[in-house]
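Student: Dropping a structure here in structure tokens format, bear with me for questions.
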Amino acid sequence: MKQLRRALFISKKDFESYYSKPPLITWGLLLPAVLILAVYLKEPRKYLQIAPGVIAMTLLFGNTSMSAIVITFEKRSGTLVRLLLAPLRKETIILGKMTSAGLYGIATALILTTGLMSLLGLRIQHLPLFMLGLLLGAVVFSLFGLLASVMVKEVFEAMTLMNFFRFPLLFVSGVFMPVEHFPAVLKPVVLASPLTYVVELLRLGITGEGYFSSPLLPVVATLIFAGIGWFCTAKNWRRVLL
């Protein structure tokens, strides 16, 4: 319980120092808002098809970027060393950093969703499932951002490493095209992407329809990816000082 409270204090400090700045919030919203507005202007009846994918994309880029930027910035400024010298377990620090990055991603995704509901008439059929998709996606993507940040020294190196994976994932995860429309030869690649399951959970929450007949499979798959992300980040945490 004491370690959990310390993790929450780490999150609070990160949120006050980095995530609550207006430029960061607008940066996380600008690209997805423009993208979905462009689709709406071209095909007003089809924007709902990509809305779950664009919201998931907001989570992906927001969580991975912010968690990686904070860690690499604190490595350069020396504040991370002071944090490591404190009586804290590495799991506590990881949990604190993951929580703050996750809250940032969820906040930007909710602002985008609220805008879509207010301006374009988006309706959510199953709110608990939609929120579960946001929560699990934020956990997975924040952990992947932390993992990238402990592997490199500079911010641009972390961004380069993550972009190597993030941009290809956008085209094989159902962001712009439903999973059922992918050719059979690409289905194994689609089902190997963690983004696919987050998109499907959000899609089930928004439209009530999805590639999977039950939300159980995407929930379990996302939890497995979260476990892999946590294990790999904790395993490589010692590299944060290299």
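The values are calculated or read from the model by the stated rules, or taken from the named source; none is laboratory data. Keep in mind it's a predicted model, so treat the numbers as computed, not measured. Quick reminder, even Gly has a Cβ in these numbers, built from the backbone with ideal geometry, and neighbours come from all protein chains shown. SASA here: full protein model, heavy atoms, side chains in, ligands and nucleic acids out. Shrake-Rupley method; radii C 1.70, N 1.55, O 1.52, S 1.80 Å.
Student: Mind counting the residues in the range 82-138 that are farther than 20 Å from P52 by Cα, touching a residue at least 24 places away in the same chain (Cβ under 8 Å) and not in a helix (DSSP H, G or I)?
Tutor: The qualifying residues number 2.
Student: Taking only pairs six or more apart or across chains, which ones have beta-carbon atoms under 9 Å, a first residue in the range 156-183 that is more than 16 Å from Y197 (Cα to Cα), and a second residue that is surrounded by fewer than 18 Cβ atoms within 10 Å (Cβ to Cβ)?
Tutor: What qualifies is E157/M151; A158/M151; L161/M151.
Student: If you scan the range 123-152, which residues turn out to be hydrophobic (A, V, I, L, M, F, W, C) and farther than 23 Å from P218 by Cα?
Tutor: Taking the range 123-152 first, the residues hydrophobic (A, V, I, L, M, F, W, C) are 124, 127, 129-132, 134-136, 138-141, 143-144, 146-148, 150-152.
Result: A148, V150, M151, V152.
Student: Modelled with pLDDT of 85 or more, under 26 Å from L110 (Cα atoms) and outside any helix (DSSP H, G or I): does that describe F141?
Tutor: Answer is no for this residue.
Student: In addition: In this structure, does T26 turn out to be part of a helix (DSSP H, G or I), modelled with pLDDT under 75 and surrounded by 11 or more Cβ atoms within 10 Å (Cβ to Cβ)?
Tutor: Criteria met by T26.
Student: Within the range 175-197, restricting attention to residues that are among the small types (G, A, S) and open to solvent by 20 Å² or more (accessible area, probe 1.4 Å), which residue is farthest from A51 (Cα to Cα)?
Tutor: Once the filter is applied, the top-ranked residue is A184.
Student: With E200, E157 as the choices, which residue is assigned to a helix (DSSP H, G or I) and open to solvent by less than 40 Å² (accessible area, probe 1.4 Å)?
Tutor: None of the others qualify; the one that does is E200.
Student: When the range 90-103 is examined, which residues are found to be under 11 Å from W237 (Cα atoms) and open to solvent by 30 Å² or more (accessible area, probe 1.4 Å)?
Tutor: K90, E91
Student: Suppose we filter the range 213-228 for residues that are surrounded by 18 or more Cβ atoms within 10 Å (Cβ to Cβ) and under 19 Å from V172 (Cβ atoms); how many remain?
Tutor: Qualifying residue count, the range 213-228: 4.
Student: Hey, another quick one. Across the range 211-227, what is the total count of residues that are farther than 13 Å from L191 by Cβ and of a type outside the set (A, V, I, L, M)?
Tutor: 4
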